[in-house]
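Input: a single structure, listed below in structure tokens.
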Amino acid sequence: MSVTTVIPAYKPKYLHELLTALRHQTVKPERIIFSDDSPSRAFLTALQSEPVRSAVADLNIEVIEGPRVGAFANCRHLLQVWGGSTPLVHFLLDDDIIYPEFYERHLAVHATGAVDCSVSRRWTSIEAGLPVGRLPVPELIARREQRALTIGSEFLFPTTLPSCNNWLGELSHAVFNHEVSGLLEEPRLAGISFEGLGDIGLFLSASLRKPIGFLNDVLGFFRLNPAQNSQQNSSRDFKTSHLAWIALGLAAQRLRKLEPEQASQCFRTTGALMARRLSGNADMVPFCDLVPALVRGDASAGERFLELWQTFVDSP
């Protein structure tokens, strides 16, 4: 079983560390595809020039031009280029790092045929790469002695959505097969867009097909840096990532994956975050105003939110 690493590339600052991590994998990816979305074509220039070109000659690297219309569009572009050419695909964001056994461990889980998606734990690091913490996992997971687990939707939905806690992490720490990778092409759950939370939305969607394979070991790190969208409080991406929690909560209600009180907790938690972080944005006021009714379980408020949400997602 083989894997293609697809890299939606924008920030060349961490390229040397990224290549070092890939070169030291105990099982190397069959293909590595960089889609260069940088304004200056920095990745194309670096990877086709010496000494970088010779240093990575043992890796099968392709560099293509990105669409330059946003990070998610670049991910979709990479999926199309990959086209199922290997059984597995791994999105590696250009500022995250995976440890040497990452592919070896993930491929072993997929070789069982029991999962479509595998996720491993990760550290959170400061910009320099120094680990400073990690996502807390549910106690039931933390105390299991098994290092590789399978987690079904009946456990995953109520342990993530009510508290708005994506304890699984990001796309950089997950490997997918071709059966579920296409879910990123049309990010919807129960017909509701989860754009803005492509990672947890994809994990939840995948869990409806087969259990998620969870590696209860830290096999990489997620790098905090000032350029991340999550650090830009007024950006569209920042707003979308908050609203998407409510969208996912409503989708889970449609699927009967959350009890009414669990859904209310999701809306209450998100509403508190929005009030603290987004209430100063005029375009967020209509969403914030709907939160109390959503918490009460008002179906018409849910319908109104979804109308506003779809308009927001479709807007430039």
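The values are calculated or read from the model by the stated rules, or taken from the named source; none is laboratory data. As the structure is a prediction and not an experimental result, all values here were calculated from the model. Cβ placement follows ideal geometry from the backbone for every residue including glycine, while neighbour counts extend to all protein chains displayed.
How many residues does the range 30-46 hold that are surrounded by fewer than 22 Cβ atoms within 10 Å (Cβ to Cβ) and at pLDDT 95 or above? So the count comes out to 2.
Against the test of being of a type in the set (S, T, N, Q) and in contact with a helix residue (DSSP H, G or I) (Cβ under 7 Å, 6 or more places away or on another chain), the options Ser35, Ser40 yield a single qualifying residue, Ser35.
Screening Val56 with (1) at pLDDT 95 or above; (2) within 24 Å of Gly129 (Cβ to Cβ) gives one miss only, at (1). Counting only helices (runs of 4 or more DSSP H) that sit wholly inside the range 241-316, those with at least 2 residues that are touching a strand residue (DSSP E or B) at 6+ places or on another chain (Cβ under 7 Å) are 299-314. Among the residues of this structure, Ala71 counts as one that is touching a strand residue (DSSP E or B) at 6+ places or on another chain (Cβ under 8 Å) and either outside the structural domain of Pro29 (by TED's automatic domain parsing) or not charged (D, E, K, R) (or both).
Candidates in the range 30-46 are the residues that are in contact with a Ser or Thr (Cβ under 7 Å, 6 or more places away or on another chain) and touching a residue at least 40 places away in the same chain (Cβ under 8 Å); of these, the one that is nearest to Gly70 (Cα to Cα) is Ile33.
Based on this model, can you work out whether Ala206 counts as assigned to a loop (DSSP other than H, G, I, E, B), farther than 22 Å from Leu273 by Cα and of a type in the set (A, V, I, L, M, F, W, C)? So Ala206 does not fit the description; no.
Yes/no matrix, rows are residues, columns are (1) farther than 27 Å from Val132 by Cα; (2) in the same structural domain as Tyr10 (by TED's automatic domain parsing); (3) free of Cβ contacts under 8 Å to residues at least 24 places away in the same chain; (4) within 17 Å of the chain's Cα centre (by Cα):
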| residue | (1), (2), (3), (4) |
| --- | --- |
| Ala174 | no, no, no, yes |
| Glu195 | yes, no, no, yes |
| Trp245 | no, no, no, yes |
| Leu258 | yes, no, no, no |
| Ala275 | yes, no, yes, no |
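Taking each residue of the range 1-28 that is in contact (Cβ under 8 Å) with a residue 12 or more places away in the chain and of a type in the set (D, E, K, R) and looking for partners that are in a helix (DSSP H, G or I) and surrounded by 15 or more Cβ atoms within 10 Å (Cβ to Cβ) with beta-carbon atoms closer than 9 Å, six or more apart or interchain, yields Lys11/Ala42; Lys28/Leu22; Lys28/Tyr103. Is it the case that some residue within the range 182-193 is of a type in the set (Val, Ile, Thr) and farther than 27 Å from Gln265 by Cα? No: the range 182-193 contains no residue that is of a type in the set (Val, Ile, Thr) and farther than 27 Å from Gln265 by Cα.
Residue count for the range 1-29, restricted to those that are surrounded by fewer than 16 Cβ atoms within 10 Å (Cβ to Cβ), at pLDDT 95 or above and in a loop (DSSP other than H, G, I, E, B): 3. Please verify whether Ala46 is in a loop (DSSP other than H, G, I, E, B) and farther than 23 Å from Phe176 by Cβ, treating the condition exactly as stated. No. On the basis of being aliphatic (A, V, I, L, M) and crowded, with 19+ Cβ neighbours inside 10 Å, does Leu189 make the cut? The answer is yes for Leu189.
Conditions (1) part of a helix (DSSP H, G or I); (2) surrounded by fewer than 22 Cβ atoms within 10 Å (Cβ to Cβ); (3) basic (Lys, Arg); (4) without any contact (Cβ under 8 Å) to a residue 40 or more places away in the chain, marked per residue:
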residue	(1), (2), (3), (4)
His106	yes, no, no, no
Arg121	no, yes, yes, no
Leu149	no, yes, no, no
Phe155	yes, yes, no, yes
Thr159	yes, yes, no, yes
Leu168	no, no, no, no
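Residues in the range 123-139 that are over 25 Å from Glu17 (Cβ atoms) and free of Cβ contacts under 8 Å to residues at least 12 places away in the same chain: Glu139 alone. Taking the stated definitions as given, is Phe102 among the aromatic types (Phe, Trp, Tyr), out of contact with any helix residue (DSSP H, G or I) (no Cβ under 6 Å at 6 or more places or on another chain), surrounded by fewer than 17 Cβ atoms within 10 Å (Cβ to Cβ) and within 30 Å of Asp217 (Cβ to Cβ)? Here the answer is no, as Phe102 does not meet what is asked. Of everything listed in (1) more than 21 Å from Phe221 (Cα to Cα); (2) at pLDDT 95 or above; (3) not hydroxyl-bearing (Ser, Thr, Tyr), the single unmet condition for His77 is (2).
Could you count how many residues in the range 47-62 are surrounded by fewer than 20 Cβ atoms within 10 Å (Cβ to Cβ) and either touching a residue at least 24 places away in the same chain (Cβ under 8 Å) or under 19 Å from Ile97 (Cβ atoms) (or both)?
Result for the range 47-62: 7.
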